[in-house]
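Every read-out reported here was derived from the displayed coordinates using simple, explicitly stated rules and does not represent laboratory data. None of these values were measured; they are calculated from a predicted model. Every residue, glycine among them, receives a Cβ derived from its backbone with ideal geometry; neighbour counts consider all protein chains shown.
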Amino acid sequence: MAHAREALLDAALAALTHRSWSAVRMADLAVDARVSRQTLYNEFGSKEGLARALVRCEADAYLHGVRRLLAAPAPPERNLLAVAEWTVTRAAARPILRALLTGAWNERLPVPRPARPGARPAPVPAQRRADEGPPAPGELVAATAACAGEQWAAGCELAVRIALSHVVAPPPVAAQCEVPESWSPMTPAMTRLIETILSVETTSPRKIIP
């Protein structure tokens, strides 16, 4: 039933583009995904279970993208810059990811409540993982840094934290890059800052950021 699960998650994300989570109806999602309501409840257990699955899916997709960028055949410094750029653009386009990275949830989003203590484990393995709860912002940043391996973990964490400072407080429109299609809303000045600090890290005899 993996296909049905993906279709339901896609339907839920689509619904969130034009209504708040409180207004999303499970019956409508089942219709949009072309599955039965029973399948919906079999997969997620409840609307809160679906919320937890949506949030876990966003975290997993983000980390998958980070690993893909870090594996590109380019100098590590460039790959880390790509991760920073992608973090900004991805967070701007996906409110759930932005909330995961910053901790700034709002009433329009499916704020994930933990599964009830003592509740029966979900029969679907993917849902059991989702029911464990989402990573906190610091945990997600740490998981992102771990994707870079021991040598580049500190640089990756730094790049992501600088990117998140832009997500939380972006520069004025006039200060943004003129060609956002080729370079995210990240400013050239921020790019140079990341490059400079990463250069310090890679040339330091202690292999750490001073």
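Annotations
- Above 16 Å, the calculated P(r) of region 42-141 contains 59 percent of its Cα-Cα pairs.
- Note on region 1-82: Rg/Rh from Cα positions, Kirkwood definition for Rh, rounded to two decimals, is 1.14.
- Among residues other than residue 53 with Cβ under 14 Å from its Cβ, the summed charge is -1 (Lys and Arg +1, Asp and Glu -1).
- Ranked for footprinting exposure by Cβ neighbours inside 10 Å, fewest first, 16, 8 give 16, 8.
- Segment residue 89-residue 63, extension gain: residue separation times 0.36 nm, minus the distance between their alpha carbons: 7.9 nm
- Potential extension, residue 17-residue 119 segment - 0.36 nm per residue separation minus Cα distance: 33.6 nm
- Applied to region 3-13, the Karplus parametrisation 6.51 cos²θ - 1.76 cosθ + 1.60 on θ = phi - 60° returns per-residue 3J(HN,Hα) values of 4, 5, 4, 5, 5, 5, 5, 4, 5, 5, 5 Hz, with x for Gly and Pro.
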